[in-house]
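Read the structure below first, then the notes.
Bear in mind that the values in this text are calculations on the coordinates, not laboratory data. From a predicted model like this one, the values you see are computed outputs, not experimental measurements. Ideal geometry is used to build each Cβ from the backbone, glycine not excepted, and the neighbour counts take in all protein chains shown.
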Amino acid sequence: MENPRTELSGHRVLVGNRGEIAIRIMQACLKLGVAFTAIYTPEDKESTHVSFAREHGGEHGLYMVSSYHDANELMAVADVSGCTAVHPGYGFFAEDFRFARRVVKRDRKMIFLGPSWKIIRELGDKINTKRLARSLGVPTVPGSDRPIYDEMEAENIAEDVFDFQLQQGIDHPLVLIKASAGGGGMGIEEVDDIDQFRSVYRRVRNYAARQFKDEGVLIEQRVTDFNHLEVQIIGDRSGKNQVHFGTRNCSIQSTGRQKRLEVAPGFDPSVNEYNFDANKVLDAITQYSLTMAREVGYDSVGTWEWIVTRQGAPFLMEVNTRIQVENGVSASIARVKGQAGVDLIAEQIRTGLGEPLGYTQQDIEFEGFALEYRLIAEAPENNFTPWVGTIDRFRWKEHPWLSVHTQVPKSPYNIPTEFDPNLALAIVWGKDLGELKERGLVFLKELELQGHNAAGEPMKNNIAFLMEKTPQILKF
Amino acid sequence: MDNLFLKRIQSLRDRLSYMQDIFAGKHADSVSLLLQKLDEFTEKVNNDSLTNPYDELVALEDLFKYVEARLDASITPLDKVRIVRHPQRICLRDILENVYDNFTEVGGQDEHSIDPSMVIARAVIIRRRGKKRYTQSVMVIGQEKGHGAEFRNGGSVKPWGNAKARQFMRVAETEGIPVHTYIFTPGSFPIEDYPGAAQQIARNIYCMAGLRVPVVSVISEGGSGGAEAIGLADKRLMLSNGYYSVISPEGAAAIEGHCRGGERPSQELVEKCACNLKLTAEDNLRFGYIDKIIQEPPLGARSYHFDFFRQLRQEILLATDEVVLSAKLSPFKKIGVSHRNKPGVNLDEMYMRWSLTQSAKTRLVKKRQNKFLKLSREAAVDKRPFLTKALHTLDDLVMTPVNEFKYEFYRKHQRKIHAFLEEAENEWDVFRSWLRKPFGKQEEQKVKEAVSSELTSLSTWSDGQRHKRWNYLSPRYKIDQAVTCPNAEIYGCPDLWGPDLFAEFAGVCSNCGHHFPMEPEWYVRNVFDVGTVMEFNEEIEAGNPLEYPNFDKTIRAAQEKTGCKSGCMTFEARIDNIKVVVAMLMGTFRGGSFGAAEGYKFVEAAQRATKNRYPFIAYVHGTAGIRIQEGTNGVIQMPRCTIAVHRYIENGGLYMVLYDTNSFAGPVASFLGCSPYQFAIRSSNIGFAGPGVIKSTTGMDVPPHYHSCYKAMDRGHIQGIWDRRQMRHNLIQALQTIGGRNLYYR
């Protein structure tokens, strides 16, 4: 990381995102000495990412667009400001292989700061990912790994999946029927009785034919009792140097399966008891993830998502071919060549622009535990309903073990309703799990987050929920 | 002066104003001479200064006759167009009253009719032999212009009027009486309703292609599709001043002069187009599209030309007799025809039965079909080498009986043997499993292990090309540009990136599903099995049969642009290993216009499909209608191709039509619209006349999406709408589930 950045200084990165991730990308650019151009929409004009860009971006540092979703507008801004690379952040275009392809294939070519579009496409397809995993001996959820079009075949597989679960000692076996072309939870139904299978199968098939023009379905075991784990991977443009930055446990989620609290590393057998050898499982999923990353020549940051059952069986769920919200948790426990202050976003930009990684797995060590709170204006007691209004006061006490990423300014701030509801991310570090929980609670208690809505009612937030969950982290 | 005398003067005045109308300012000297004479004469009548009024009147009438006869010789095509449109022109009711002996109009009385522009009548003709009188019934069907009565809509028939015509053709078929049709139409009323104009005309033509009674038609004003709706006849007579054309001269001139909106083409251009279109009776007789010309009195037949009606009656009787004779296997056939064609013969005094036996009816229909199938071949440029043609004929001669044997005899017996073997195999399986029973348990355990490994390890799946979905990409994918979806304002579609849209998305908006037009090659390469497309008859070229000025160049330019010799590509291909014959109308070749060459290839393709018992698919990438520069050489393709398709379907084939982009006018109103299975690719438009033409001809405002395929489905015209990306899949599905009895692969 001490290399002279001569080849980086000629670049300008289009920050194709908003909020805290935009700020973190801009900060990383500043750190690397790379120019950047940020964008914002009228709803976001009070956001800190706008003032940050105005302050540090210089000429061509900030442009207003009508939508973060309009690729044409992003390209126009990039052309006008002379950008040479695009960082999509997370959400929006982050996992859109067509956008990535457009960036590198258009007449004025740029660099897409993410994996190559072919990798995004390959790993974005759940059937492809599953088949790739199986071809490498990586465990996946039992069931079909190709779209099933034939009703008889589908029913046979479903019967097998039921029998298989009974053999494993599962009392209430469940089978999932998924539209193979679907995504984002659409076209998925579960069955607990083989007699119901046919009618549900036909419903899903017809839905898939209508919605995705493809009748194929996947039939899988529905795993119910599990922890959600992740492996953080990074590789450089050579496609040969992949290293991991440890594991994370993201099992504390809202009812809608949105993450609220993430912890690194994934398990702590020194404090908590598990039905399985936790270190062995963490090792296994890390190695499996690296195997796959090497197979595809992974060349950016990415996350391998796993579910681990109560018996300790890991199954690969999917691969997120982008930087994730919770990347800071892994960074804060990582030490590269003994140095703290790892910034995965900066690493992504630096390697994305062509610099070699510059270190190997041996240079990476881990120290302590970290967690991330996602502070959100919502009512956890009422099904996590989002709350809309104005934030009047948002203060926290600075600590050396704490970093907070937020787009919320010190002045009163209207929460835009159009976007992702995250207000702030707070990352806490502790030398062991006990200290981590303690510090987490200290932070939450010191936190001041107040506001009101149009009816004058006080702000609702998830602080109490996070407090309640903190003692339970890393418990299965 | 007595009343009759004044009436005769009035009649002369009418004749004069008629003359002025039809010549529209030409021959002004003759007209002013007559006017002067007539005025002088009237003056004298008013002053009572005529010495010999009747003689002088006769003299004046003779002068009129003389001038009319002289002017008749210099009549131009456009004058003829004005003649047939004139309110004084004979109309169908004049004919019913004067040619037939008695009649009952069915389904209408003046304006009280489902469509007053279509008149149907059961008429009788009484003939004598010696002292015996014979009454013969016919079904008279025709457009009624009613001397300009507004409710007759100028003889422009609405779809339900044509439906009525078809209904009574069927009645005539049931009753076994001949049909006489009289064509007095500038064209069909281009309305899209329930049904649409094109949809109904197609049904009519399909019906007439197989109508099992003699049909004789008389053309006065034969305006394209409207004329064909009742025009497919065993014999077609034409009045000498009539016209039979693909489009009105004004319409042709508007296209030629690139007129937009309400702009009108110049008079000279209209005159020129009228000549170029070769729309007169003589021209059409020369092409062979009519059988005979009935000479009219000078300057055109009007209601008082009673001699003409007598002549028309003779001609109608002769034509009907000849048609009936031609279908009979009578020993007196030849004599009968020659008797009837002797000069001065009075057919009223010769009787012959018009009813036919079943086998004679079959011969009649076959004869009619063959006659049309032979037409217009010379109008296309056939550049096939002699050897190819000879091989073609030889193949026909040999393969027809071979296929007959193969499918009618061999396959049937093969099936029986197959069924027997299958049964035997079943029994053997049952026996074998009984033998194996004692060793069952071990096998069960093996099965269990196999199952769990199947659920967790990689399965075999031979669909490795999931991302290489298309074998052909539109060349537009190379252009780095943003494309705006036309529905962006309604559905808020984001702009699409050209390279995505024209490659991976197959030209479909990823938000609303709007289909952008793709090239014909896209379908050829992406729908059919790779490497199985085999084009045939590609040497048949679009020509310029009317020698339309400058049109050779235009055609050559289109050929160079598309690399095709005509707007119709015919090929054999396999789809999921099922062999099919495909005729593709390409919207890229002169807007997909349809002429003699295209018709030739289409008919050949249908015959090939019949011979080989393959499914026949008409893929309409786009068609703007009949190619106007080919005149009636184009129009005649409507009945011709419909007949080819009719034969194919009646022989047990599966004829499927698939519309894409824009399909309008003639082809839709005939051989495409008559298919029992018609589908459309999304975002296509289907109809009779485009919105501009509807506005300019009817004055009607056209509602939005008037011709969209969804509306066409509402009207019952098409049977389904397909996504372009699903076309191959849907075709396979259709081939497996619908179709005729004679397809071998089923």
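Numbers at a glance
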item	result
Packing-based exposure ordering (other Cβ within 10 Å, fewest first) of A:305, A:446	A:446, A:305
Volume per residue that the Cα convex hull of segment A:318-456 spans, once the total is divided by residue count, Å³	166 Å³
Within 10 Å of each Cβ in A:24-34, the average number of Cβ atoms from other chains	0
Estimated inter-spin distance, residue B:487 and residue B:701, nm [label 7 Å along Cα→Cβ]	2.5 nm
Between segment B:701-725 and segment B:314-369, the alpha-carbon center distance in angstrom	46 Å
Cβ-defined net charge surrounding residue B:536, 10 Å radius [Lys, Arg +1; Asp, Glu -1]	-2
Other protein chain Cβ atoms within 10 Å, averaged over every residue that makes up A:67-74	3
10 °C / 1.306 mPa s Stokes-Einstein diffusion coefficient of segment B:518-739, Kirkwood radius on C-alpha pairs, µm²/s	91 µm²/s
Sparsely packed GluC sites (Glu not before Pro) within segment A:215-304, loop by DSSP, other Cβ within 10 Å at most 14	A:273
Mean residue ellipticity (222 nm) of the protein assembly as shown, computed from DSSP H runs ≥ 4 via -39,500 (n - 2.57), nearest 500	-12500 deg cm²/dmol
Backbone N under 18 Å from the residue B:723 label point (7 Å along Cα→Cβ), restricted to segment A:148-167	A:148-150
Amide hydrogen neighbours beyond the local backbone of residue B:595, cut-off 5 Å, H modeled	B:627
Nonlocal amide H pairs with residue A:246, under 5 Å, H built at 1.01 Å	A:232
Segment B:327-343 - phi-based ³J(HN,Hα) in whole Hz, Karplus 6.51/-1.76/1.60, Gly and Pro as x	8, 7, 9, 7, x, 9, 4, 5, 4, x, 5, 5, 4, 6, 8, 6, x
DSSP-assigned coil residues among trypsin sites (Lys or Arg not before Pro) in segment A:225-262, each with at most 12 further Cβ atoms within 10 Å	A:257
Calculated FRET value between residue B:417 and residue B:357, using beta carbons and R₀ = 41 Å, to 0.05	0.50
Percent of beta bridges antiparallel (DSSP, chain B, rounded to nearest 5)	45 percent
Rule-of-thumb Rg ratio for chain A [Cα; 2.2 N^0.38 Å; N residues]	0.99
Distance between modelled label sites at residue B:574 and residue B:470, nm, 7 Å Cα→Cβ extension	2.5 nm
Karplus-derived 3J(HN,Hα), 6.51/-1.76/1.60, for each residue of segment B:516-521, Hz, glycine and proline x	7, x, 10, 6, x, 4
Angstrom value of the Kirkwood radius, inverse mean 1/r, which spans all Cα pairs in the protein assembly as shown	37.0 Å
Per-pair calculated FRET efficiency, R0 = 35 Å: residue A:399 and residue A:202 via Cβ, rounded to 0.05	0.05
Shielding by partners, peptide A:158-168 (average Cβ within 10 angstrom, other chains)	2
Computed E for residue B:74/residue B:292 - FRET, C-beta separation, R0 30 angstrom, nearest 0.05	0.80
Residue order, fewest to most beta carbons within 10 Å, for B:470, A:401, B:722	B:470, A:401, B:722
Whichever lysines have a C-alpha closer than 17 Å to that of residue A:109, once near sequence neighbours (fewer than 8 apart) are set aside	A:118, B:478
Taking segment B:225-381 and dividing mean pair separation by its residue count, relative contact order in percent (alpha carbons under 8 Å, at least six apart)	23 percent
Counting all C-alpha pairs of segment B:475-516, share separated by more than 14 Å (%)	36 percent
Rh by Kirkwood over Cα pairs, then Stokes-Einstein D for segment A:226-472 at 1.002 mPa s and 20 °C, µm²/s	113 µm²/s
Entries of B:65/B:145; B:235/B:374; B:292/B:374 with Cα pairs more than 20 Å apart	B:65/B:145
Euclidean distance between Cα centres, segment B:90-133 to segment A:279-330, Å	89 Å
Vicinal HN-Hα couplings computed from phi for segment B:401-408 (Karplus, 6.51 cos²θ - 1.76 cosθ + 1.60; Hz; Gly/Pro x)	x, 4, 5, 4, 5, 4, 8, 7
Footprinting exposure proxy for B:566, B:137, B:593 (fewest neighbouring C-beta atoms within 10 Å first)	B:137, B:593, B:566
Residues whose placed amide H lies under 5 Å from that of residue A:318, excluding near-sequence neighbours	A:305
Rounded to 5, percent antiparallel among DSSP beta bridges of the protein assembly as shown	65 percent
